[in-house]
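Structure first, commentary second.
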Amino acid sequence: MAATPRRDTRGIVDASGLMSRVRFRRHLPAEPLRPYLEHYWLIDWDLPEPYATHVVPHPSVNVVFQRHADREPFGEVAGIGLELFSQKLEGRGRVCGVQFRPGGFRPFAPGRPVAEWTGRRLPLEEVFTDAKSLVGALDAGASDTDALDAAVETVLAPDDEHARVAALDAFLLRLGPRPDPQADLAMALVDRIRGDRTIRRVSAFARAEGLSVRALQRLFAAYVGVGPKWIILRYRIHEALERAESQQAGQTGQAVDWAALAADLGYADQAHLVRDFTATVGVPPTAYARR
């Protein structure tokens, strides 16, 4: 597994604008959790005026602990977002998030297929039904909701970010992820899609992996939450968005050749890339790069 968390900004719209307004950090989890998690992500802000952040979601489930100025702290499970995610940040606040590897969430909540959470944001107690086993023994008479509220406070309260990471580790280790070969297979297959741009057709990918298309789709619904075609397209948009962000930040020194990028990402032509980018991000890639 990686020794350090990834440093790219893939999926973040206007990454430079967000990073100039908030403290954003990633941390690796405890060693036993690394087969299942991408990383933890921590955000703190103290803003003189509101700012809206936008993210093109990864094909990952997140567990998110949040504190905002206008509401009580809370925790939730965020299934894979199918559309652009927007969040208004204002005043002072804090978020501690857990990004699971695609396919890595099911061992922590094995009772239902991951597709059941897709496009939804749910309170912790609706997904983790045996709350007391997650947060340890509190009072003998404590309700599941009280136990989870205590866990939320334990994660969000420390100012020291390493203490927050330790609290996230403790929370997840109490879940005791259950070994599941199908989860391992799902994670490995998504990793291959993410790392190999030549994977463009689901039928060819399934055949290369010794699976029928239907078996591959069933596996992804149960363990990832979205289909393989959706993941192939989403990683293409992440790549295009990061290229546009680099141009916007002046990191490349030259304009992006969108026709060449479309071909590199496996699109039939530039028009198809523009269509998908615009539908996902809200503006065409060239307009985004100029913004």
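How large is the charge dipole for the chain, taken about the Cα centre, if only the Cβ atoms of Lys, Arg (+1) and Asp, Glu (-1) carry charge, to the nearest 20 debye?
On the way: 37 positive and 37 negative charges, 236 e Å.
Charge dipole, the chain, about its Cα centre: 1140 debye, nearest 20.
Hey, if we sort HIS238, HIS27 by accessible area with the 1.4 Å probe, largest down, what's the order? Mind dumping the intermediate values first?
On the way: HIS238 0, HIS27 30 Å².
Correct descending sequence by accessible area is HIS27, HIS238.
Could you order peptides 68-79, 225-236, 94-105 by the average number of other Cβ atoms within 10 Å of their residues, highest first?
On the way: 68-79: 16.1, 225-236: 21.0, 94-105: 24.3.
The densest-packed peptide leads the list: 94-105, 225-236, 68-79.
What distance in nm separates the simple spin-label points at LEU211 and THR278, each placed 7 Å from Cα in the Cβ direction?
According to this spin-label approximation, the distance is 3.4 nm.
So what J values fall out for region 202-208 if you push phi through Karplus, 6.51 cos²θ - 1.76 cosθ + 1.60 with θ = phi - 60°, rounded to Hz, Gly and Pro as x?
The phi angles translate into 4, 4, 5, 5, 4, 4, 5 Hz.
Taking the dipole about the Cα centre of the chain, with the C-beta of Lys and Arg at +1 and of Asp and Glu at -1, give me whichever of PHE105, PRO177, ILE232 is farthest to the positive side.
So the residue we want is ILE232.
Taking Rh as the Kirkwood radius, which is the inverse of the mean 1/r over Cα pairs, what is the Rg/Rh value for region 57-109? Mind dumping the intermediate values first?
On the way: Rg = 12.4 Å, Rh = 12.3 Å.
Using only Cα positions, Rg/Rh for region 57-109 is 1.01.
Suppose accessible area is computed on protein heavy atoms with a 1.4 Å probe; arrange TYR288, TYR267 from highest to lowest. Let's see the in-between values first.
Values: TYR288 0, TYR267 20 Å².
Listed by decreasing accessible area, they come as TYR267, TYR288.
Quick one: 3J(HN,Hα) in Hz for region 65-82, Karplus 6.51/-1.76/1.60 with θ = phi - 60°, rounded, Gly and Pro as x.
Once θ is set to phi - 60°, the couplings for region 65-82 become 9, 10, 10, 10, 5, 9, 7, 6, x, 8, x, 8, 9, 9, x, 4, x, 8 Hz.
Have a look at ARG275, ARG243, ARG200 and tell me which one the Gaussian network model of the chain (Cα, springs below 10 Å) gives the largest fluctuation.
Top of the fluctuation ranking is ARG275.
Would you report the distance distribution of C-alpha pairs in the chain as whole percents per 5 angstrom bin, up to the bin with the largest distance?
Going out from 0 Å in 5 Å bins, the chain shows 1, 5, 11, 15, 17, 17, 14, 10, 6, 3, 1, 0, 0 percent.
Averaged over all directions, how much area does the convex hull of the C-alpha atoms of region 177-291 cover when projected, in nm²?
On the way: hull surface 33.7 nm².
Its average projected convex-hull area is 8.4 nm².
Amide H neighbours of VAL13 under 5 Å, at least 5 residues apart or on other chains, H built in the peptide plane: list them.
When sequence neighbours closer than 5 places are left aside, the close amide H contacts are HIS54, VAL55, VAL56.
Any idea which of VAL13, CYS96, GLY266 is furthest toward the positive side of the dipole for the chain, if Lys and Arg beta-carbons carry +1 and Asp and Glu beta-carbons -1?
The one lying farthest along the dipole's positive direction is GLY266.
Apply the Karplus parameterisation 6.51 cos²θ - 1.76 cosθ + 1.60, with θ equal to phi minus 60°, to every residue of region 14-26 and state each ³J(HN,Hα) to the nearest whole Hz, in sequence, with x for glycine and proline.
Per residue, the Karplus-derived 3J(HN,Hα) values read 6, 4, 5, x, 5, 5, 7, 10, 10, 9, 10, 9, 10 Hz.
The values are calculated or read from the model by the stated rules, or taken from the named source; none is laboratory data. Everything numeric in this text was worked out from a predicted model, so none of it was measured. In this analysis, Cβ positions are derived from the backbone assuming ideal geometry, glycine residues included, and neighbour counts consider all displayed protein chains. The protein model used for the area step is the full one, side chains on, heavy atoms only, and it has no ligands, DNA or RNA in it. Shrake-Rupley method; radii C 1.70, N 1.55, O 1.52, S 1.80 Å.
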